[in-house]
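Remarks on the structure that follows.
The values are calculated or read from the model by the stated rules, or taken from the named source; none is laboratory data. Because the structure is a prediction, the values reported are computed rather than measured. Cβ atoms come from the backbone with ideal geometry, glycine included; neighbour counts cover every protein chain shown.
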Amino acid sequence: MNSVISQLQYRISGKGEPLVLLHGFGEDSHIWDQQVAALQDIAQIITPELPGTGQSPLPLLPAGTHLSIEQMADAVYALLMSLNTGPCTLLGHSMGGYITLAFAEKYPQMLRRFGLIHSTAFADSEEKKQNRLRGIEVMAQYGGQAFLKTTIPNLFGTDFKKEQPDRIQELINAAAGFDTRSLQEYYYAMRERPNRTAVLKSNPLPVLFVLGTEDVAAPLDDVLQQTHLPLLSYIHILDGVGHMGMWEATAAVNSYIRAFIQS
């Protein structure tokens, strides 16, 4: 099912308790296809296209301003209110995890549980903020598609890159339709997001953490510092996996999510 409600395109599959999966930077909702196929027997899975992805437009932004993580969380909230889902499980990959934390901070009554799939509550370091600006400049010069072609392979672990280059190329091909401005706005949003470890600290809701030992975007050591903060954490470390556990260790990630939903 495809639709545009509250200006977000989305898909719904399955029946049961609502499970919302938020994609990351340079991805669309299809990044979750293998999770949808495996879990639709136990959940009604909602996979939105975030603002600027697919047919979901960027909001009108006043001159001199940029998209924010909070605005994207608001868009997800508006969609769920339109769908009348009630409280849900919300999981976000990478940038989607930043949005998940903003959502949990602002709309806790809408959540049964939430989780970070290769994501972090830490803000960007000063070095990473500078790298974001350089990335924005590179996109302006060479285009967003060229930028993704260069960066996507770095998201995967060593073994996956050697053994499944066709899958990586598949993701690069899928990203070919991205609008450069949208990608730049995502970089601005990620750069300016605050530290949200306070959202995790003593949070009474169950929180899922999926980490990769070879993740360069959400480093293992950084995320491990956060896993003790909620009152109830479900922590899964994928050995030899980079930033893309949904693809690199699909069966394991599916089993972790299933157990988390049924907890």
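Screening Ser29, Ser68 for residues that are under 21 Å from His243 (Cβ atoms) and either buried (at least 21 other Cβ atoms within 10 Å of the Cβ) or at pLDDT 95 or above (or both) leaves exactly one candidate, Ser29. Regarding Met81, is this residue surrounded by fewer than 16 Cβ atoms within 10 Å (Cβ to Cβ), of a type in the set (A, V, I, L, M, F, W, C) and either in a helix (DSSP H, G or I) or touching an Asp or Glu at 6+ places or on another chain (Cβ under 6 Å) (or both)? Yes. Within segment 129-139, the only residue that satisfies the criterion of being among the basic types (Lys, Arg) and either in a strand (DSSP E or B) or without any contact (Cβ under 8 Å) to a residue 40 or more places away in the chain (or both) is Arg134. Within segment 151-166, being surrounded by 13 or more Cβ atoms within 10 Å (Cβ to Cβ), more than 16 Å from the chain's Cα centre (by Cα) and outside any loop (DSSP other than H, G, I, E, B) holds for Thr151, Pro153, Asp159, Phe160, Lys161.
Selection over segment 188-218 of residues that are under 20 Å from Leu155 (Cα atoms), surrounded by fewer than 18 Cβ atoms within 10 Å (Cβ to Cβ) and of a type in the set (Lys, Arg) gives a count of 0. Restricting segment 173-228 to residues that are among the polar types (S, T, N, Q) and not in a helix (DSSP H, G or I) leaves a set whose member that is farthest from Ser119 (Cα to Cα) is Ser202. Answer yes or no as to whether Ser125 is within 18 Å of Val223 (Cα to Cα), among the small types (Gly, Ala, Ser), modelled with pLDDT of 95 or more and within 17 Å of the chain's Cα centre (by Cα). Criteria not met by Ser125. Close Cβ contacts (under 6 Å, 6 or more residues apart or on different chains) running from residues in segment 238-262 that are part of a loop (DSSP other than H, G, I, E, B) to residues that are surrounded by fewer than 16 Cβ atoms within 10 Å (Cβ to Cβ) and among the aliphatic types (A, V, I, L, M) are absent.
Within segment 87-127, being hydroxyl-bearing (Ser, Thr, Tyr), buried (at least 24 other Cβ atoms within 10 Å of the Cβ) and either assigned to a helix (DSSP H, G or I) or free of Cβ contacts under 8 Å to residues at least 60 places away in the same chain (or both) holds for Tyr98, Thr100.
Residues in segment 140-170 that are more than 17 Å from His243 (Cβ to Cβ) and in contact (Cβ under 8 Å) with a residue 24 or more places away in the chain: Ala140, Gly143, Gly144, Gln145. For segment 52-74, the count of residues that are out of contact with any Lys or Arg (no Cβ under 9 Å at 6 or more places or on another chain), over 24 Å from Ala249 (Cβ atoms) and in a helix (DSSP H, G or I) is at least one.
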